[in-house]
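Read through the structure below, which is laid out as C-alpha coordinates, and then see the notes.
The values are calculated or read from the model by the stated rules, or taken from the named source; none is laboratory data. On a predicted model such as this, the values are computed, not experimentally measured, just so you know. Reconstructed Cβ throughout: ideal geometry from the backbone, glycine too, with neighbour counts over all protein chains shown.
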Amino acid sequence: MNSTAKSLLKLVKHGCAAWLRSSSTHSGRRHLRKLVLGIETSCDDTGAAVVDDAGNVLGEVLHCQKEVHLQAGGIIPVVAQQLHRENIEQVVKETLSISGVSVHELAAIATTVKPGLALSLEVGLRHSLSLVSRHQKPFIPVHHMEAHALTVRLTHRVEFPFLVLLLSGGHCILAVAQGISDFLTLGQSIDIAPGDMLDKVARRLSLRKHPECHSMAGGQAIEHLARTGNRHHHTFSLPMQQHRNCDFSFSGLQNLVNKAIIQKEKEEGIQEGEILSCAKDIAAAVQHAVAAHIIQRTYRAMLFCIKNNILSSKTATLVVAGGVASNQYIRKGLQTLADENDFAFLCPPPRLCTDNGVMIAWNGVERLRAGLGVLHSTEGIRYEPKAPLGINISKRVEENSIKVPKLMKIEWLAS
(Lines give C-alpha, C1' and ligand atoms only; values in the text may rest on other atoms or scores of the structure.)
Protein backbone atom coordinates (compact mmCIF):
# COMPACT_ATOMS: atom_id res chain seq x y z
CA MET A 1 0.00 0.00 0.00
CA ASN A 2 1.40 3.43 -0.96
CA SER A 3 1.89 6.38 1.38
CA THR A 4 -1.29 8.12 0.22
CA ALA A 5 -3.39 5.09 1.04
CA LYS A 6 -1.72 4.71 4.44
CA SER A 7 -2.29 8.35 5.33
CA LEU A 8 -5.94 8.10 4.36
CA LEU A 9 -6.41 5.09 6.58
CA LYS A 10 -5.13 7.12 9.54
CA LEU A 11 -8.20 9.34 9.21
CA VAL A 12 -10.27 6.52 10.66
CA LYS A 13 -8.35 6.83 13.91
CA HIS A 14 -9.50 10.44 14.18
CA GLY A 15 -13.23 9.87 14.19
CA CYS A 16 -13.92 9.74 10.45
CA ALA A 17 -15.84 6.47 10.77
CA ALA A 18 -19.56 7.02 11.16
CA TRP A 19 -21.82 4.41 12.76
CA LEU A 20 -25.54 4.08 12.27
CA ARG A 21 -27.52 1.89 14.62
CA SER A 22 -31.22 1.15 14.94
CA SER A 23 -33.17 -1.54 16.68
CA SER A 24 -36.72 -2.58 17.30
CA THR A 25 -38.54 -4.02 20.28
CA HIS A 26 -39.99 -7.44 19.61
CA SER A 27 -42.30 -9.77 21.44
CA GLY A 28 -41.39 -13.13 22.84
CA ARG A 29 -42.73 -14.71 19.64
CA ARG A 30 -39.61 -13.61 17.73
CA HIS A 31 -38.23 -17.15 17.90
CA LEU A 32 -41.13 -18.29 15.70
CA ARG A 33 -39.94 -16.05 12.88
CA LYS A 34 -37.10 -16.67 10.46
CA LEU A 35 -34.18 -14.30 10.85
CA VAL A 36 -31.69 -13.34 8.13
CA LEU A 37 -28.34 -11.60 8.60
CA GLY A 38 -27.44 -9.37 5.66
CA ILE A 39 -23.87 -8.25 4.94
CA GLU A 40 -22.98 -5.49 2.46
CA THR A 41 -19.47 -4.54 1.27
CA SER A 42 -19.92 -3.84 -2.43
CA CYS A 43 -18.24 -0.44 -2.40
CA ASP A 44 -17.16 1.84 0.43
CA ASP A 45 -19.60 1.12 3.25
CA THR A 46 -19.52 -1.87 5.60
CA GLY A 47 -23.11 -2.70 6.51
CA ALA A 48 -24.93 -5.46 8.34
CA ALA A 49 -28.48 -5.97 9.56
CA VAL A 50 -30.82 -8.60 10.91
CA VAL A 51 -34.33 -8.65 9.43
CA ASP A 52 -37.10 -11.13 10.17
CA ASP A 53 -39.53 -12.62 7.67
CA ALA A 54 -42.24 -10.18 8.76
CA GLY A 55 -40.08 -7.28 7.62
CA ASN A 56 -38.98 -6.10 11.05
CA VAL A 57 -35.46 -4.69 11.27
CA LEU A 58 -34.11 -6.05 14.54
CA GLY A 59 -30.85 -4.17 14.30
CA GLU A 60 -28.35 -2.68 11.89
CA VAL A 61 -24.89 -1.18 11.85
CA LEU A 62 -23.24 0.82 9.06
CA HIS A 63 -19.60 1.82 9.01
CA CYS A 64 -19.27 4.70 6.57
CA GLN A 65 -15.97 5.49 4.84
CA LYS A 66 -17.16 8.78 3.29
CA GLU A 67 -14.75 11.11 5.10
CA VAL A 68 -11.73 9.02 4.15
CA HIS A 69 -12.59 8.97 0.46
CA LEU A 70 -13.58 12.65 0.41
CA GLN A 71 -10.03 13.48 1.41
CA ALA A 72 -8.76 11.46 -1.56
CA GLY A 73 -11.20 13.00 -4.05
CA GLY A 74 -12.62 9.57 -4.88
CA ILE A 75 -12.79 5.96 -3.77
CA ILE A 76 -9.45 4.16 -3.67
CA PRO A 77 -10.28 0.43 -3.85
CA VAL A 78 -7.30 -0.74 -1.77
CA VAL A 79 -8.23 1.72 1.00
CA ALA A 80 -11.87 0.64 0.90
CA GLN A 81 -10.77 -2.99 1.15
CA GLN A 82 -8.54 -2.33 4.15
CA LEU A 83 -11.29 -0.44 5.98
CA HIS A 84 -13.73 -3.29 5.30
CA ARG A 85 -11.19 -5.75 6.71
CA GLU A 86 -10.67 -3.65 9.82
CA ASN A 87 -14.38 -3.19 10.55
CA ILE A 88 -16.44 -6.07 9.23
CA GLU A 89 -16.07 -8.34 12.25
CA GLN A 90 -17.08 -5.56 14.66
CA VAL A 91 -19.96 -4.48 12.40
CA VAL A 92 -21.41 -8.00 12.34
CA LYS A 93 -20.87 -8.59 16.06
CA GLU A 94 -22.54 -5.31 17.00
CA THR A 95 -25.43 -5.97 14.63
CA LEU A 96 -26.12 -9.30 16.30
CA SER A 97 -25.78 -7.71 19.73
CA ILE A 98 -28.23 -4.91 18.93
CA SER A 99 -30.62 -7.44 17.42
CA GLY A 100 -30.39 -9.61 20.52
CA VAL A 101 -29.78 -12.77 18.50
CA SER A 102 -26.94 -15.22 18.03
CA VAL A 103 -25.70 -16.71 14.77
CA HIS A 104 -27.28 -19.97 15.93
CA GLU A 105 -30.75 -18.38 15.71
CA LEU A 106 -30.33 -17.24 12.10
CA ALA A 107 -32.21 -18.98 9.32
CA ALA A 108 -29.63 -17.84 6.75
CA ILE A 109 -26.82 -15.39 5.98
CA ALA A 110 -27.24 -13.19 2.89
CA THR A 111 -24.31 -11.31 1.36
CA THR A 112 -23.66 -9.07 -1.63
CA VAL A 113 -21.56 -11.01 -4.13
CA LYS A 114 -22.20 -8.92 -7.28
CA PRO A 115 -21.72 -6.37 -8.77
CA GLY A 116 -19.25 -3.99 -7.09
CA LEU A 117 -15.59 -3.34 -6.37
CA ALA A 118 -13.75 -6.66 -6.47
CA LEU A 119 -11.55 -5.87 -3.47
CA SER A 120 -14.58 -4.85 -1.40
CA LEU A 121 -16.80 -7.76 -2.41
CA GLU A 122 -14.02 -10.18 -1.51
CA VAL A 123 -13.99 -9.03 2.13
CA GLY A 124 -17.73 -9.47 2.66
CA LEU A 125 -17.83 -12.84 0.94
CA ARG A 126 -14.82 -14.19 2.84
CA HIS A 127 -16.24 -13.17 6.22
CA SER A 128 -19.68 -14.55 5.36
CA LEU A 129 -18.38 -17.90 4.18
CA SER A 130 -16.42 -18.18 7.40
CA LEU A 131 -19.61 -17.70 9.43
CA VAL A 132 -21.55 -20.09 7.20
CA SER A 133 -18.92 -22.78 7.53
CA ARG A 134 -18.47 -22.34 11.27
CA HIS A 135 -22.17 -22.36 12.12
CA GLN A 136 -23.50 -24.55 9.26
CA LYS A 137 -25.99 -21.96 8.03
CA PRO A 138 -27.61 -21.64 4.57
CA PHE A 139 -26.01 -18.98 2.39
CA ILE A 140 -27.88 -16.57 0.10
CA PRO A 141 -25.74 -14.76 -2.49
CA VAL A 142 -27.28 -11.38 -3.34
CA HIS A 143 -27.20 -9.25 -6.48
CA HIS A 144 -26.66 -5.69 -5.22
CA MET A 145 -29.04 -4.08 -7.75
CA GLU A 146 -31.75 -6.67 -7.13
CA ALA A 147 -31.52 -5.77 -3.45
CA HIS A 148 -31.97 -2.05 -4.26
CA ALA A 149 -34.95 -2.89 -6.47
CA LEU A 150 -36.71 -5.01 -3.83
CA THR A 151 -36.10 -2.71 -0.84
CA VAL A 152 -39.36 -0.92 -1.61
CA ARG A 153 -41.23 -4.12 -0.74
CA LEU A 154 -39.91 -3.80 2.82
CA THR A 155 -41.32 -0.29 3.21
CA HIS A 156 -44.42 -0.34 0.97
CA ARG A 157 -47.07 -2.75 -0.24
CA VAL A 158 -46.15 -3.27 -3.89
CA GLU A 159 -46.89 -6.32 -5.98
CA PHE A 160 -45.07 -7.57 -9.06
CA PRO A 161 -44.69 -6.49 -11.78
CA PHE A 162 -43.45 -2.91 -11.43
CA LEU A 163 -41.12 -0.59 -13.32
CA VAL A 164 -37.95 0.16 -11.37
CA LEU A 165 -35.33 2.83 -11.96
CA LEU A 166 -32.04 2.18 -10.18
CA LEU A 167 -29.87 5.28 -9.79
CA SER A 168 -26.51 5.17 -8.03
CA GLY A 169 -22.86 6.08 -8.20
CA GLY A 170 -22.11 2.97 -10.19
CA HIS A 171 -25.32 2.14 -12.05
CA CYS A 172 -28.28 3.55 -13.94
CA ILE A 173 -30.78 0.84 -14.89
CA LEU A 174 -34.40 0.76 -16.03
CA ALA A 175 -36.00 -2.63 -15.52
CA VAL A 176 -39.28 -4.38 -14.96
CA ALA A 177 -39.35 -6.41 -11.76
CA GLN A 178 -41.57 -9.37 -12.64
CA GLY A 179 -40.71 -11.31 -9.51
CA ILE A 180 -37.91 -12.06 -7.11
CA SER A 181 -34.87 -12.75 -9.28
CA ASP A 182 -36.97 -12.10 -12.40
CA PHE A 183 -36.09 -8.85 -14.16
CA LEU A 184 -36.33 -7.48 -17.69
CA THR A 185 -33.70 -4.78 -18.30
CA LEU A 186 -35.05 -2.09 -20.63
CA GLY A 187 -31.99 0.15 -20.60
CA GLN A 188 -28.86 1.05 -18.69
CA SER A 189 -25.95 3.46 -18.76
CA ILE A 190 -23.59 2.80 -21.66
CA ASP A 191 -20.73 4.76 -20.08
CA ILE A 192 -20.79 6.28 -16.59
CA ALA A 193 -23.50 6.36 -13.95
CA PRO A 194 -25.24 9.61 -12.90
CA GLY A 195 -23.80 9.53 -9.38
CA ASP A 196 -20.29 9.11 -10.72
CA MET A 197 -20.83 11.93 -13.21
CA LEU A 198 -22.11 14.34 -10.55
CA ASP A 199 -19.18 13.46 -8.29
CA LYS A 200 -16.73 14.19 -11.11
CA VAL A 201 -18.34 17.58 -11.81
CA ALA A 202 -18.21 18.42 -8.11
CA ARG A 203 -14.48 17.60 -8.03
CA ARG A 204 -13.85 19.67 -11.16
CA LEU A 205 -15.65 22.59 -9.52
CA SER A 206 -13.55 22.03 -6.35
CA LEU A 207 -16.69 22.06 -4.23
CA ARG A 208 -14.77 20.59 -1.31
CA LYS A 209 -13.34 24.10 -0.94
CA HIS A 210 -16.75 25.75 -1.05
CA PRO A 211 -17.72 27.00 2.43
CA GLU A 212 -21.15 25.38 2.20
CA CYS A 213 -19.95 21.99 0.94
CA HIS A 214 -16.68 21.05 2.66
CA SER A 215 -18.14 17.97 4.37
CA MET A 216 -20.46 16.87 1.55
CA ALA A 217 -20.05 14.13 -1.03
CA GLY A 218 -20.00 15.32 -4.65
CA GLY A 219 -23.60 14.63 -5.61
CA GLN A 220 -24.84 16.03 -2.32
CA ALA A 221 -22.84 19.23 -2.88
CA ILE A 222 -24.28 19.64 -6.39
CA GLU A 223 -27.82 19.26 -5.07
CA HIS A 224 -27.20 21.69 -2.22
CA LEU A 225 -25.76 24.47 -4.40
CA ALA A 226 -28.34 23.92 -7.13
CA ARG A 227 -31.11 24.97 -4.76
CA THR A 228 -29.93 28.59 -4.92
CA GLY A 229 -28.51 28.49 -8.46
CA ASN A 230 -30.13 29.57 -11.72
CA ARG A 231 -30.12 26.70 -14.20
CA HIS A 232 -31.14 29.00 -17.06
CA HIS A 233 -27.71 30.70 -17.03
CA HIS A 234 -26.22 27.56 -18.63
CA THR A 235 -27.69 25.16 -21.14
CA PHE A 236 -26.41 21.62 -21.42
CA SER A 237 -28.24 19.73 -24.17
CA LEU A 238 -29.48 16.22 -23.46
CA PRO A 239 -27.30 13.42 -24.88
CA MET A 240 -28.41 10.66 -27.26
CA GLN A 241 -31.76 12.19 -28.17
CA GLN A 242 -31.55 10.62 -31.64
CA HIS A 243 -31.78 7.10 -30.21
CA ARG A 244 -35.27 5.88 -29.33
CA ASN A 245 -34.19 3.53 -26.57
CA CYS A 246 -33.96 3.52 -22.80
CA ASP A 247 -30.17 3.57 -22.50
CA PHE A 248 -28.41 6.37 -20.63
CA SER A 249 -25.25 8.29 -21.44
CA PHE A 250 -23.67 10.87 -19.16
CA SER A 251 -20.09 11.09 -20.44
CA GLY A 252 -21.02 13.52 -23.23
CA LEU A 253 -22.79 15.75 -20.73
CA GLN A 254 -19.76 15.65 -18.47
CA ASN A 255 -17.51 16.77 -21.34
CA LEU A 256 -19.84 19.69 -22.09
CA VAL A 257 -19.79 20.74 -18.45
CA ASN A 258 -15.99 20.51 -18.26
CA LYS A 259 -15.66 22.75 -21.33
CA ALA A 260 -18.06 25.27 -19.79
CA ILE A 261 -16.06 25.28 -16.55
CA ILE A 262 -12.79 25.86 -18.43
CA GLN A 263 -14.37 28.74 -20.35
CA LYS A 264 -15.70 30.34 -17.18
CA GLU A 265 -12.32 30.00 -15.46
CA LYS A 266 -10.74 31.90 -18.35
CA GLU A 267 -13.43 34.59 -18.19
CA GLU A 268 -13.00 35.03 -14.44
CA GLY A 269 -9.22 34.80 -14.60
CA ILE A 270 -8.90 31.99 -12.07
CA GLN A 271 -6.99 28.71 -12.02
CA GLU A 272 -8.40 25.21 -11.76
CA GLY A 273 -8.98 24.51 -8.08
CA GLU A 274 -10.45 27.93 -7.32
CA ILE A 275 -14.19 28.45 -6.85
CA LEU A 276 -16.12 29.98 -9.75
CA SER A 277 -18.57 32.73 -8.90
CA CYS A 278 -21.15 30.89 -11.02
CA ALA A 279 -20.62 27.48 -9.35
CA LYS A 280 -24.22 27.41 -8.09
CA ASP A 281 -25.63 28.13 -11.54
CA ILE A 282 -23.51 25.40 -13.11
CA ALA A 283 -24.61 22.96 -10.39
CA ALA A 284 -28.27 23.80 -11.07
CA ALA A 285 -27.88 23.40 -14.83
CA VAL A 286 -26.01 20.10 -14.51
CA GLN A 287 -28.52 18.67 -12.08
CA HIS A 288 -31.37 19.67 -14.38
CA ALA A 289 -29.73 18.12 -17.45
CA VAL A 290 -29.14 14.85 -15.58
CA ALA A 291 -32.73 14.83 -14.31
CA ALA A 292 -34.19 15.60 -17.73
CA HIS A 293 -32.22 12.80 -19.39
CA ILE A 294 -33.30 10.31 -16.72
CA ILE A 295 -36.94 11.40 -16.98
CA GLN A 296 -36.97 11.22 -20.78
CA ARG A 297 -35.70 7.64 -20.75
CA THR A 298 -38.08 6.66 -17.96
CA TYR A 299 -40.99 8.17 -19.90
CA ARG A 300 -40.16 5.93 -22.88
CA ALA A 301 -39.94 2.90 -20.57
CA MET A 302 -43.43 3.65 -19.25
CA LEU A 303 -44.86 3.93 -22.77
CA PHE A 304 -43.10 0.74 -23.86
CA CYS A 305 -44.41 -1.26 -20.91
CA ILE A 306 -48.01 -0.14 -21.44
CA LYS A 307 -47.86 -0.62 -25.24
CA ASN A 308 -46.52 -4.16 -24.85
CA ASN A 309 -48.86 -5.09 -21.97
CA ILE A 310 -45.92 -5.69 -19.64
CA LEU A 311 -47.61 -3.40 -17.12
CA SER A 312 -51.29 -2.61 -16.71
CA SER A 313 -52.24 1.03 -17.24
CA LYS A 314 -54.59 0.73 -14.24
CA THR A 315 -52.09 -0.63 -11.70
CA ALA A 316 -48.70 0.51 -13.03
CA THR A 317 -46.07 1.51 -10.49
CA LEU A 318 -42.74 3.29 -10.85
CA VAL A 319 -40.20 2.49 -8.13
CA VAL A 320 -37.03 4.58 -7.83
CA ALA A 321 -34.14 3.34 -5.68
CA GLY A 322 -30.38 3.69 -5.25
CA GLY A 323 -28.22 6.46 -3.82
CA VAL A 324 -29.09 9.10 -6.44
CA ALA A 325 -32.78 8.51 -5.68
CA SER A 326 -32.09 10.58 -2.55
CA ASN A 327 -31.73 13.67 -4.79
CA GLN A 328 -34.96 15.54 -4.16
CA TYR A 329 -34.88 17.47 -7.46
CA ILE A 330 -34.61 14.29 -9.52
CA ARG A 331 -37.18 12.58 -7.33
CA LYS A 332 -39.63 15.46 -7.75
CA GLY A 333 -39.30 15.27 -11.53
CA LEU A 334 -39.93 11.54 -11.55
CA GLN A 335 -42.89 11.97 -9.22
CA THR A 336 -44.38 14.50 -11.65
CA LEU A 337 -43.76 12.17 -14.58
CA ALA A 338 -45.49 9.33 -12.75
CA ASP A 339 -48.46 11.52 -11.82
CA GLU A 340 -48.85 12.73 -15.41
CA ASN A 341 -48.95 9.13 -16.66
CA ASP A 342 -51.14 7.64 -13.90
CA PHE A 343 -48.31 5.58 -12.43
CA ALA A 344 -48.08 5.11 -8.68
CA PHE A 345 -44.72 6.43 -7.47
CA LEU A 346 -42.77 4.73 -4.70
CA CYS A 347 -39.32 5.27 -3.28
CA PRO A 348 -37.66 3.85 -0.15
CA PRO A 349 -36.70 6.39 2.52
CA PRO A 350 -33.36 8.12 1.79
CA ARG A 351 -31.41 6.11 4.36
CA LEU A 352 -32.41 2.89 2.58
CA CYS A 353 -31.60 4.29 -0.86
CA THR A 354 -27.87 4.30 -0.16
CA ASP A 355 -25.96 1.05 0.41
CA ASN A 356 -26.87 -0.68 3.66
CA GLY A 357 -27.17 -4.07 5.30
CA VAL A 358 -30.96 -3.89 5.63
CA MET A 359 -31.58 -4.19 1.89
CA ILE A 360 -29.30 -7.24 1.70
CA ALA A 361 -31.00 -8.93 4.64
CA TRP A 362 -34.42 -8.15 3.16
CA ASN A 363 -33.38 -9.59 -0.21
CA GLY A 364 -32.32 -12.67 1.73
CA VAL A 365 -35.76 -12.83 3.37
CA GLU A 366 -37.49 -12.51 -0.01
CA ARG A 367 -35.38 -15.32 -1.48
CA LEU A 368 -35.75 -17.49 1.62
CA ARG A 369 -39.55 -17.22 1.50
CA ALA A 370 -39.58 -17.97 -2.23
CA GLY A 371 -37.01 -20.76 -1.97
CA LEU A 372 -34.76 -19.09 -4.55
CA GLY A 373 -30.96 -19.17 -4.40
CA VAL A 374 -30.70 -20.55 -0.87
CA LEU A 375 -27.48 -22.56 -0.86
CA HIS A 376 -26.54 -25.34 1.53
CA SER A 377 -23.17 -25.77 -0.14
CA THR A 378 -20.93 -22.79 -0.91
CA GLU A 379 -18.46 -24.64 -3.07
CA GLY A 380 -17.58 -22.60 -6.14
CA ILE A 381 -19.15 -19.37 -4.87
CA ARG A 382 -17.28 -16.36 -6.25
CA TYR A 383 -17.81 -12.61 -6.25
CA GLU A 384 -18.54 -10.92 -9.59
CA PRO A 385 -17.50 -7.26 -10.05
CA LYS A 386 -19.72 -7.02 -13.14
CA ALA A 387 -23.07 -8.76 -13.40
CA PRO A 388 -26.18 -8.01 -15.50
CA LEU A 389 -29.61 -7.70 -13.91
CA GLY A 390 -32.05 -10.20 -15.39
CA ILE A 391 -32.72 -10.49 -19.14
CA ASN A 392 -31.73 -7.57 -21.35
CA ILE A 393 -34.51 -6.59 -23.78
CA SER A 394 -33.12 -3.15 -24.68
CA LYS A 395 -32.95 -4.12 -28.38
CA ARG A 396 -36.66 -4.80 -28.33
CA VAL A 397 -37.26 -1.38 -26.79
CA GLU A 398 -35.27 0.31 -29.56
CA GLU A 399 -37.08 -1.69 -32.23
CA ASN A 400 -40.36 -0.29 -30.92
CA SER A 401 -39.01 3.19 -31.76
CA ILE A 402 -41.35 4.93 -29.33
CA LYS A 403 -41.41 8.69 -29.69
CA VAL A 404 -41.62 10.45 -26.35
CA PRO A 405 -43.85 13.56 -26.17
CA LYS A 406 -41.97 16.78 -25.58
CA LEU A 407 -40.67 17.03 -22.05
CA MET A 408 -41.81 20.63 -21.81
CA LYS A 409 -45.33 19.25 -21.33
CA ILE A 410 -44.17 18.13 -17.92
CA GLU A 411 -44.72 21.11 -15.63
CA TRP A 412 -41.65 20.44 -13.49
CA LEU A 413 -39.31 20.62 -16.48
CA ALA A 414 -40.92 23.81 -17.74
CA SER A 415 -40.43 25.59 -14.43
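Below, the figures for the structure above:
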{"item": "Scope segment 113-153; condition of a type in the set (S, T, N, Q) and touching a strand residue (DSSP E or B) at 6+ places or on another chain (Cβ under 8 Å); matching residues", "result": "SER128, THR151"}
{"item": "Pairs with Cβ under 6 Å, 6+ apart, first in segment 185-200 and without any contact (Cβ under 8 Å) to a residue 60 or more places away in the chain, second among the β-branched types (Val, Ile, Thr) and assigned to a loop (DSSP other than H, G, I, E, B)", "result": "none"}
{"item": "Condition broken by ALA325, with the remaining ones in (1) touching a residue at least 40 places away in the same chain (Cβ under 8 Å); (2) buried (at least 17 other Cβ atoms within 10 Å of the Cβ); (3) more than 15 Å from SER168 (Cα to Cα); (4) out of contact with any His (no Cβ under 8 Å at 6 or more places or on another chain) satisfied", "result": "(3)"}
{"item": "So ALA118, is it modelled with pLDDT of 95 or more, surrounded by fewer than 24 Cβ atoms within 10 Å (Cβ to Cβ) and touching a helix residue (DSSP H, G or I) at 6+ places or on another chain (Cβ under 8 Å)", "result": "yes"}
{"item": "Segment 340-352: number of residues that are crowded, with 21+ Cβ neighbours inside 10 Å and more than 20 Å from PRO161 (Cα to Cα)", "result": "1"}
{"item": "Members of segment 100-112 that are buried (at least 21 other Cβ atoms within 10 Å of the Cβ) and in a helix (DSSP H, G or I)", "result": "none"}
{"item": "Filtered residue count, segment 154-167, keeping only those that are touching a strand residue (DSSP E or B) at 6+ places or on another chain (Cβ under 9 Å) and surrounded by fewer than 24 Cβ atoms within 10 Å (Cβ to Cβ)", "result": "8"}
{"item": "Tally of residues being of a type in the set (A, V, I, L, M), at pLDDT 95 or above and over 25 Å from PRO115 (Cα atoms) across segment 383-409", "result": "1"}
{"item": "Residue within segment 291-300 that is closer than 26 Å to GLN71 by Cα, under 23 Å from the mean Cα position of the chain (by Cα) and modelled with pLDDT of 95 or more present", "result": "no"}
{"item": "Residue under evaluation SER97, criteria (1) modelled with pLDDT of 95 or more; (2) of a type in the set (Ser, Thr, Tyr); (3) in a loop (DSSP other than H, G, I, E, B), criterion not met", "result": "(3)"}
{"item": "Qualifying residues in segment 373-405 (those that are among the small types (Gly, Ala, Ser) and buried (at least 16 other Cβ atoms within 10 Å of the Cβ)) - the one farthest from ILE295 (Cα to Cα)", "result": "GLY373"}
{"item": "Residue satisfying all of: in segment 58-68; crowded, with 21+ Cβ neighbours inside 10 Å and touching a residue at least 60 places away in the same chain (Cβ under 8 Å); nearest to LEU32 (Cα to Cα) among these", "result": "GLU60"}
{"item": "Candidate set: segment 295-322, residues that are aliphatic (A, V, I, L, M) and not in a helix (DSSP H, G or I); chosen: the one surrounded by the fewest Cβ atoms within 10 Å (Cβ to Cβ)", "result": "ILE310"}
{"item": "Among the residues listed as THR336, THR317, the single one being closer than 19 Å to LEU184 by Cβ, in contact (Cβ under 8 Å) with a residue 60 or more places away in the chain and of a type in the set (Val, Ile, Thr)", "result": "THR317"}
{"item": "Total residues in segment 132-161, condition more than 30 Å from PHE343 (Cβ to Cβ) and in contact (Cβ under 8 Å) with a residue 40 or more places away in the chain", "result": "6"}
{"item": "Residue, farthest from LYS332 (Cα to Cα), within segment 251-294, restricted to residues that are in a loop (DSSP other than H, G, I, E, B) and touching a residue at least 24 places away in the same chain (Cβ under 8 Å)", "result": "GLY273"}
